[in-house]
Amino acid sequence: MKHSKLTALIFIALVLGVLVGHFAPEFGIKMRPFAVIFLRMVKMIIAPLLFATLVVGIAGHGDIKSLGKIGLKTIVYFEVVTTLALVIGLTMANIFKPGMGFVSDSFATNPALLHEAGLMAETNAHTSISDMIMNVFPTSIVQAMSDGNLLQIVVFSLFFAIAMCTVGKAAKPVMDILTSVSQIMFKFTEYVMYFAPLGIFGAIASTVGANGLSILKNYAKVIFSLYTALAVFVLMVLFIACKYARISFRNLIKAIQEPAILAFTTASSEAAFPKAIEIMEKFGVPKNIVGFVMPTGYTFNLDGSTLYLAMAVLFSSQIVGIHLDLNQQLIMMLALMLTSKGIAGVPRVSLIVLAGSLASFNIPLLGVAILLGIDQILDMGRTTVNLIGNCVATVVIARWENAFDYGRMKEFIDETDHDKLEWDFSGIKNIYEKVTNRGIE
């Protein structure tokens, strides 16, 4: 209910922003501070959320050696799939060029405003692979957090987590603290997202007020580009992965339709997480595999969000006229392979990682401000793909381990079909009884 109310408020804010921007453009432009304030609130979450999430996600499994074959296979699968998501995202961004010709407002034509609003990155851009490799190692984690340099925070977090695993029981107090910090940051993020409707209203009202309704065509192009890319990913990667596992993709989608609809409507992977785990166990995946792959996937295998990040970074560079050649895009893809691992499964967190990624490459954060207005619509699609991707991952790993129960899957599908058939007949019977009770036979 909480997520549904927030979703409704966001869409109301979206419509109100368009109306105010169109009928009262001067007033709409004055609403820009709401968008800037919300983006500043998003930026302040980056460092603690990423650090706590990554360390708990890696060190939370205990001794790295104890993860065994399942852990290794899971990480390999995650890396392959997320890399394919990045490739598809970058390819689609180059084909559709959603940022080219995007009508830009006074932010784009006045760099001073970007600095004043805190939307201009301050870190240095990477021009070569060697520069990127040198830059990922921080001289000071405090400075890395202050600059919002996600690459440096990720590297520090990886070393920190590995050291905690090596230390063992002595690291338990620190683990407890970081687990608490992680939970606090999730709640902190949730509170910040309560301000999303106000921020979206300010972003849309000011953008439409400055550029007119023609800007909506550009927004439609962005939405179409992302959903097309997500569809291509599902068909080219997840569908083929199910074929490898000898699982009907159609049956899998049918099985997880309830959590998938929940993920789509709430734009929150966490909201659908408990139900998805329950269904995958009934679907034939052993409990130990589901218990490891699903939680790990929600930190390291958010395919839809990873694909979106690749498109969003190119979109943000395109709208401000920054051309990234193939070499720079490959460097960016390598960077996103690391930074995308810090995405938590709560609404709007992709904006946080996008802001940090743009900062790492010295690209103005104007794209974040523009995408903020339609992020709810974009988030619904990418979150659904995140869920489907993690469910497919559990099936593939179970098949890889020769542990998938095909008989149990058939029983679950048959039971689901039978329950649906019974519901359909009972529904028809209820309608018939109501009609006949009124004497209309």
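The values are calculated or read from the model by the stated rules, or taken from the named source; none is laboratory data. Every value quoted in this text rests on a predicted model; they were computed, and no experiment measured them. Because the Cβ atoms are built from the backbone with ideal geometry, glycine has one as well, and the counts that use them run over all protein chains shown.
Has region 207-225 got any residue that is more than 22 Å from the chain's Cα centre (by Cα), in a helix (DSSP H, G or I), charged (D, E, K, R) and modelled with pLDDT under 95?
yes
Can you find a residue in region 242-252 that is part of a loop (DSSP other than H, G, I, E, B), hydroxyl-bearing (S, T, Y) and free of Cβ contacts under 8 Å to residues at least 24 places away in the same chain?
Yes, there is a match, as at least one residue in region 242-252 is part of a loop (DSSP other than H, G, I, E, B), hydroxyl-bearing (S, T, Y) and free of Cβ contacts under 8 Å to residues at least 24 places away in the same chain.
State which residue is surrounded by the most Cβ atoms within 10 Å (Cβ to Cβ) when the search covers only region 199-215 and only residues that are over 14 Å from L371 (Cβ atoms) and aliphatic (A, V, I, L, M).
A205
May I ask you to list pairs of residues, at least six apart or on different chains, whose Cβ atoms are under 7 Å apart, with the first in region 174-200 being closer than 13 Å to L49 by Cβ and the second being charged (D, E, K, R)?
Short answer, once both residue conditions are applied: M193/R348.
Name the single residue that is surrounded by the fewest Cβ atoms within 10 Å (Cβ to Cβ) among those in region 20-47 being among the hydrophobic types (A, V, I, L, M, F, W, C) and over 25 Å from the mean Cα position of the chain (by Cα).
In the first step, residues of region 20-47 are kept if they are among the hydrophobic types (A, V, I, L, M, F, W, C); the result is 20, 23-24, 27, 29, 31, 34-39, 41-42, 44-47.
Still in the running and over 25 Å from the mean Cα position of the chain (by Cα): 20, 23-24, 27, 29, 31.
Working: V20: 21, F23: 11, A24: 14, F27: 13, I29: 19, M31: 23.
Here the answer is F23.
Please verify whether region 320-330 includes one or more residues that are over 30 Å from K275 (Cβ atoms), buried (at least 22 other Cβ atoms within 10 Å of the Cβ), in the same structural domain as A85 (by TED's automatic domain parsing) and out of contact with any Cys (no Cβ under 6 Å at 6 or more places or on another chain).
No, because not a single residue in region 320-330 is over 30 Å from K275 (Cβ atoms), buried (at least 22 other Cβ atoms within 10 Å of the Cβ), in the same structural domain as A85 (by TED's automatic domain parsing) and out of contact with any Cys (no Cβ under 6 Å at 6 or more places or on another chain).
Has region 306-319 got at least one residue that is over 20 Å from L230 (Cβ atoms), in the same structural domain as A241 (by TED's automatic domain parsing) and in contact with a Gly (Cβ under 9 Å, 6 or more places away or on another chain)?
Here is the first cut: in region 306-319, the residues over 20 Å from L230 (Cβ atoms) are 317, 319.
Applying the additional criterion that residues be in the same structural domain as A241 (by TED's automatic domain parsing) yields 317, 319.
Checking the rest, the ones that are also in contact with a Gly (Cβ under 9 Å, 6 or more places away or on another chain) come to 317, 319.
Yes, region 306-319 has at least one match.
Quick one: F283 ticks every box in (1) over 24 Å from L9 (Cβ atoms); (2) free of Cβ contacts under 8 Å to residues at least 24 places away in the same chain; (3) surrounded by 16 or more Cβ atoms within 10 Å (Cβ to Cβ); (4) not hydroxyl-bearing (S, T, Y) bar one, so which box is it?
Just one mismatch for F283, condition (2).
Please go through region 220-237 and pick out each residue that is touching a Gly at 6+ places or on another chain (Cβ under 7 Å) and under 13 Å from L371 (Cα atoms).
Correct list: L226 only.
Give, as residue ranges, the helices (runs of 4 or more DSSP H) completely inside region 96-206 that count at least 3 residues that are touching a helix residue (DSSP H, G or I) at 6+ places or on another chain (Cβ under 8 Å) and either more than 30 Å from F27 (Cβ to Cβ) or at pLDDT 80 or above (or both).
129-135, 141-147, 150-167, 172-193
Condition first: under 14 Å from the mean Cα position of the chain (by Cα), assigned to a helix (DSSP H, G or I) and of a type outside the set (S, T, Y). Now tell me which residues in region 253-267 satisfy that.
Looking only at region 253-267, we keep the residues that are under 14 Å from the mean Cα position of the chain (by Cα), and these are 263-264, 266-267.
Those left that are additionally assigned to a helix (DSSP H, G or I): 263-264, 266.
Scanning region 253-267 gives A263, F264.
Would you confirm, using the coordinates I've provided, whether F233 is surrounded by 20 or more Cβ atoms within 10 Å (Cβ to Cβ), in the same structural domain as G381 (by TED's automatic domain parsing) and at pLDDT 95 or above?
Judged against the criteria, F233 is a match.
Considering each residue of region 365-383, count those that are surrounded by fewer than 23 Cβ atoms within 10 Å (Cβ to Cβ) and either among the small types (G, A, S) or outside any helix (DSSP H, G or I) (or both), and give that number.
2
Yes or no: P197 within 20 Å of the chain's Cα centre (by Cα), closer than 25 Å to T82 by Cβ and not charged (D, E, K, R)?
Judged against the criteria, P197 is not a match.
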